Each structure stands twice: as structure tokens, then as C-alpha cells.
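The values are calculated or read from the model by the stated rules, or taken from the named source; none is laboratory data. Predicted model, so just to flag it, every value in this text is computed and none were measured. Note that we place each Cβ from the backbone using ideal geometry, even for glycine, and neighbour counts take in every protein chain shown. For accessibility, only protein heavy atoms count, side chains too; no ligands or nucleic acids. Shrake-Rupley method; radii C 1.70, N 1.55, O 1.52, S 1.80 Å.
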Amino acid sequence: MASTVGVIFTSINDDHVPELTKVRSKGSIPFGGRYRVVDFVLSNMVNSGITTVGMLTKNNYQSLMDHLGSGKEWDLARKEGGLILLPPYSDESEILYRDRLEALKGAMAFLKKAKEDFVVVADSDAVYKLDYSKIVDAHAANNADITMVYHEHDCYDSVSYLTFDTDGDKIKSADVNIKSRGVNKHYINVFVARTSYLLSLLHTAISRGLTSFSKDIILPAIKTGRVYGYRLDGYYTDIDSLQSYYKSNMDMLDKKIRQEIFGGRDVYTKINDAPPAKITETAKVSNSLLHDGCLIEGTVENCILFRNVKVGKGAHIKNCIIMSENVIGENCNLSYVVSDKDSSVSSGVTLAGCEKMPYFINKGTRI
């Protein structure tokens, strides 16, 4: 693979899922029982041979720092390169960046020091498996200015999207925030460019006072430059609402999807030592993911339970996502509930939501 550096947005669009980002950045949202959402894009980069990754932070990133540590779980604890946390400022004035373009401007010092020829820029709020080296190879073969990754699906209800029309691999036009029903080619906020070319775009943006990455950078580049698309096949989901977070997690109960995401190349994450889950003789468990340290004495059906969750005798939880360190009391009845970390539900309580509007319990809540 040609030498490539990675840049990951860890806090872009935090406001899309306010329930989960009150106390953490979007990239550190827990997912699938033992992971954080950032694990998927970071593992994709590492598995693609990228050994220098800049993490663009912003608000509430203590949880992210605790999770990433030195980067050793991703083999990024290195004397040169490795995992580098980038400051959340748009320039040297200590003003927090407000959008994607300002964040990239703040990363210019990191990009100028990079020795790598190419850069992969990606968001951290999506779950998919992709070999970025193939995109870099296609980018070089096409002599492209920018190569943008897209996935074909219907997402009329999503918050915002950039959609493409292509002529072969070349992107001939794009629309910003245009919602139309049916399957479209949706940009998944992953692109490849030569490092020098991206820096030239950012210098131009600064000199001309440009403010929008999509409207001021991408759309003009499509008209005047060589902008290509790269199609992501297979499973893809992004987390842009509590509903999509719920659905994305529930997708992991599908064996085919689970094997596609977790089979083959590993998805790396922070390791926590804990005993295996214990299921007592009073428990009934079906079609669920249970993780280390869980103690199950009641009934668990179609659920994802993170580490160290306790479900009391006589409790029945169905279609729920229960994050780490939760305690579900005896004889509780929970349906379509998403419970954040360190919460508890007292004995005999009944809580119910629905698939499109799950009942949410804030972190550290006692009910």
C-alpha cells in the first residue's frame, strides 16, 4: 500500500444523538456489547496498513481518551506516528471548530508534518468493514484529486446526506441535503486525497474565507477537478439518531450481519478483564448477546447486554440494549429500552418504548 496517514472525526455531528453524547463524544458511544463506535473506523485503518492516525477531538472527549489510551490495542503505541489526539481548535486562537472545514484547518499542522503521500479522512459514527488500501490504489490509478466513498441505500429519514450521480467511477454531480425516496448513492464521509492536494484546498479555503466543506470544496472540485467515487458494498449503518442507534445494535443479532462485520479482519477494542457471563438455573436467554461479567437470573430475549449487567430473578427484558454496570431488579419488565451506563431499575418496575422510539435511561439514573 502507498504511504497513507489517517484522520478521524470523533465529535462531528454530536448533536444528532444528544441522548448519547451528553457525557461523551460521538465516536465513544458504546456499541454491540463491548465496542465503541470509533473502533470500527480505527480498525479499518489499522487493517489497511495505516500506522499514523490523527484523532480530531472536540467536546466531552475524556471517555474517548480513556478508551483509546496509548493506542496499544490497535498496535498504534509507536515512537513514530501511531495514535495522535489533535486539538479541537479551528486555528491558533483557541476557538473550538464549528464545522468539518474548520476542523480540517486545525489539523493542517499535523498534515504538514506527515510524510505520507495520501490521507484517508473518515467519520467515526458508522459501522462497516472496508479496506482503505483498495481506495488508495483506485485513487492513484485514476489520478484522481479526491476519491469519495459512497453506499447505495434508502435513507430518506436521515439527518443530512451528500448524494452522487456517477458516470462510471467519476462523480459528475452531487446534491447536498436533498432528500428523495428510493435508493441513492450516499457519501459516507470517507474520502482519499493526496496530502499535498488536501493542504492546497485548505490554504485556498483560508485565503478565500470559505466556510462549507461540501458546498465550497467538494461541489466546485466535482465541476473542475477529477473527483471519483468508490462504492462500499455490503453492510453499512451510521448513527444519526437514537432510533438508528437502536436499529444498528439490533442488527448485530442477525448472524449474517454479525459475521460480515466481525468475521475475517479483527475489530479491535480496549480489553477489560472480567469473568465470563453467568446464566443461572432460573434464567432463560434467547437470541441475545451477553458479555463479560453479566449475571443473568431472569429472562433475556432479543437483547444486547454490555459488561457487568445484572438481571434479577423474575425479570423479563425484551428487545433492549443495556450498557455496562446496569442492575435490573427482580420482577422488572422492560421492553424496547436503551439504558446508558451505571444505571439501575428497582424491583417490580415496568418500562416500555417501541422500535421507532425506544425508552431511554440516562447514564447513572436510578429508577
Note to self: Here are the criteria: (1) modelled with pLDDT of 90 or more; (2) over 16 Å from Val119 (Cβ atoms); (3) β-branched (Val, Ile, Thr). Tell me which single one Ile146 does not satisfy.
What the structure shows: (2)
Notebook entry, point to check: Which is within 22 Å of the chain's Cα centre (by Cα) and at positive phi, of Gly264, Gly293?
Noted result: Gly264
Check: Given (1) of a type outside the set (Val, Ile, Thr); (2) farther than 27 Å from Met45 by Cα; (3) in contact (Cβ under 8 Å) with a residue 60 or more places away in the chain, where does Glu330 come up short, assuming only one miss?
Finding: (3)
Checklist line | Hits in the range 21-45 (condition: in a helix (DSSP H, G or I), crowded, with 24+ Cβ neighbours inside 10 Å and of a type in the set (Gly, Ala, Ser)) | finding: Gly27, Ser28
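So which helices (runs of 4 or more DSSP H) stay within the range 52-120 end to end and still have 2 or more residues that are under 23 Å from Ser133 (Cα atoms), open to solvent by less than 60 Å² (accessible area, probe 1.4 Å) and at pLDDT 85 or above?
108-113
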Note to self: Just to be sure I understand, how many residues within the range 268-313 are of a type in the set (Gly, Ala, Ser), assigned to a loop (DSSP other than H, G, I, E, B) and in contact with a strand residue (DSSP E or B) (Cβ under 7 Å, 6 or more places away or on another chain)?
What the structure shows: 5
Notebook entry, point to check: For the subset of the range 260-299 comprising residues that are closer than 20 Å to Lys318 by Cα and acidic (Asp, Glu), which member is surrounded by the fewest Cβ atoms within 10 Å (Cβ to Cβ)?
Noted result: Glu281
Checklist line | Residue that is surrounded by the fewest Cβ atoms within 10 Å (Cβ to Cβ), among those in the range 167-196 that are of a type in the set (Ser, Thr, Tyr) and at pLDDT 85 or above | finding: Ser196
Check: Can you name the residue in the range 197-225 that is outside any helix (DSSP H, G or I) and either of a type outside the set (A, V, I, L, M, F, W, C) or modelled with pLDDT of 85 or more (or both) and, of all such residues, is farthest from Asn142 (Cα to Cα)?
Finding: Gly209
